[in-house]
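Below: one structure, written as structure tokens.
The values are calculated or read from the model by the stated rules, or taken from the named source; none is laboratory data. These figures come from a predicted structure and were not determined experimentally. Here the Cβ positions follow ideal geometry from the backbone for every residue, glycine too, while neighbour counts run over all protein chains shown. All accessible areas refer to the heavy atoms of the entire protein, side chains included, with ligands and DNA or RNA removed. Shrake-Rupley method; radii C 1.70, N 1.55, O 1.52, S 1.80 Å.
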Amino acid sequence: MRIILCGFGVVGQSLVKLFDSRSEDLYAEYGLKPRVVGVFDSKGSAVDSSGLELEKLIEVKKKTGTVKNYANTKNNMSGIDMIKNLDADVVIETTASNYKDAEPGMTHIVTAMKRGMHVISVNKGPLALAFPSLMELAIYNQVIFKFSGTVGGGTPILDYAKNSLRGERISSFSGILNGTTNYILTNMANGLSFETALKDAKNKGYVEADESLDLDGLDAAAKLVILANWVMDMKVTMPDINCKGIRNVTEEDIKKARKNNCAIKLIASCNKELIVEPKEVSVDDPLCVNGTLNAIAFTSEHSGTQTIIGKGAGGMETASSILRDLLDIRQEIVKI
């Protein structure tokens, strides 16, 4: 399977390491032989239609900070040129999420679909701003569009809701969808001030380069959009979310919640309205997880409420979700 990899940060590199370490069993068990024919980062690209050497790719990136030094060639295709001109089966979009105009991810995804390529995205921006139209475009071009890593990282939240609860009608859901804010609020509950808890989260590398994505609830809102569309068949985008972050949560709020045997959590909920806001959650509620964990509770007509808990992010966890999507695409192609 020929692959173009958009972006070569933590997730992209983790994915290539996964391909390299599991190449034999992926082929033996699933008949999958991933062949990365093109990859680009912010400084340049590497292309080989017969397949790039994965170990060398990682080594070059580590030593020089970019994949453009993979080969001694002046041919340095841009990402969009690569998608337009290379023969590939799947485009994997891992560039940074952008909630203003979703670029460059949006152009990568749209161009790939129009060329008849299947797409896997862990970039939330395009889905947050244009989920309904991207799904229509995939159907129109008869390609498969997968994005299980956009919500929950390696925890299969989207798959669980769609497949494990098949036949059920989910009436509502709510959850902690951002591990960074959960880590900050957990530390505040343990006595740290907001500023100290935020500094600690930054030191550990949990906070996005643009901290507003975490602190103002934008990351959680984007995931809520994806869930609402995918699980509830809604046709919504980011402007439909009533969103409030954690900047105004005070130590008094934390103390008041503790007196009520609760903890303050940033909750994204879909129950007629779509809301992201800090709320008191009972410490006895399975949803009340700590640290960087994510948790989401689905309430359905006959099965009651079921909660799924797991790591929300991490390079290798997210890479594993991409591999899961790739195996699903391989299975669908074989059926055809």
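Taking amide H atoms as placed 1.01 Å from N in the peptide plane, the amide H of CYS262 lies under 5 Å from those of VAL283, each 5 or more residues away in sequence or on another chain. Note on ARG247 and ASN190: the model spin-label points, each 7 Å out from Cα along the C-beta direction, lie 2.6 nm apart.
Within segment 161-192, list the trypsin sites (Lys or Arg not before Pro) lying in a DSSP loop whose Cβ has at most 16 other Cβ atoms in a 10 Å radius. Here the trypsin sites (Lys or Arg not before Pro) that fit, given the DSSP loop and packing criteria, are ARG166, ARG169. At an R0 of 56 angstrom, the distance between the Cβ atoms of ASP25 and ASN260 translates into a FRET efficiency of 0.65.
Of the solvent-accessible surface of segment 163-210, computed with a 1.4 Å probe and all protein chains present, 43% belongs to carbon and sulfur. Using a probe of 1.4 angstrom and keeping all protein chains present, the accessible surface of segment 93-169 works out to 40 square angstrom per residue.
By definition, a body whose alpha carbon gyration tensor gives a ≥ b ≥ c is oblate when a/c is 1.5 or more and a/b is not larger than b/c, and segment 255-322 fits this oblate description.
Here LYS100 is the anchor, and the lysines within straight C-alpha reach of less than 16 Å, apart from those fewer than 8 places off in the same chain, are LYS124, LYS223.
Computed over protein heavy atoms with a 1.4 angstrom probe, the accessible surface ordering of CYS6, CYS262, largest first, is CYS262, CYS6. Backbone amide hydrogens, once placed in the peptide plane, bring ASP41 within less than 5 Å of VAL67, excluding anything fewer than 5 places away on its chain. The alpha carbon centroids of segment 184-240 and segment 280-317 are separated by 15 Å. Surface exposure of segment 9-75, expressed per residue as accessible area with a 1.4 Å probe, stands at 59 Å².
So what is the relative contact order for segment 186-253, in percent, with contacts set as C-alpha pairs under 8 Å and at least six apart? Averaging sequence separation for qualifying contacts and normalising by length gives 32 percent for segment 186-253.
Each residue of segment 307-321 was assigned a 3J(HN,Hα) from its phi angle through the Karplus expression (A = 6.51, B = -1.76, C = 1.60, θ = phi - 60°), giving 10, 10, 10, x, 5, x, 8, x, x, 6, 4, 5, 4, 5, 5 Hz with x at Gly and Pro. First compute the accessible area of segment 26-122 with a 1.4 Å probe, then give the percent of it belonging to carbon and sulfur atoms. Result for segment 26-122: 45 percent of the exposed heavy-atom area is carbon or sulfur. In order along segment 283-292, the phi-based Karplus estimate (6.51 cos²θ - 1.76 cosθ + 1.60, θ = phi - 60°) of 3J(HN,Hα) comes to 5, 8, 6, x, 5, 7, 9, 10, x, 8 Hz; Gly and Pro are listed as x.
Close Lys pairs in segment 1-65, defined as Cα atoms under 15 Å apart and 8 or more places apart or on different chains, number 7.
Sparse packing (at most 10 other Cβ atoms within 10 Å of the Cβ) combined with a DSSP loop state is found for none of the chymotrypsin sites (Phe, Trp or Tyr not before Pro) in segment 1-77. Couplings 3J(HN,Hα) of segment 45-60, computed from phi: 9, 9, 9, 7, 5, 8, x, 6, 6, 5, 5, 5, 4, 5, 4, 5 Hz, in residue order, whole Hz [Karplus 6.51 cos²θ - 1.76 cosθ + 1.60, θ = phi - 60°; x for Gly and Pro].
Labels on offer are (1) 32.6, 111; (2) 20.5, 66; (3) 22.4, 73, and the one holding Rg and Dmax of the Cα atoms in Å computed from this structure is (2). For segment 227-336, GluC sites (Glu not before Pro) are listed when DSSP marks them as loop and at most 16 other Cβ atoms sit within 10 Å of their Cβ; the list is GLU301.
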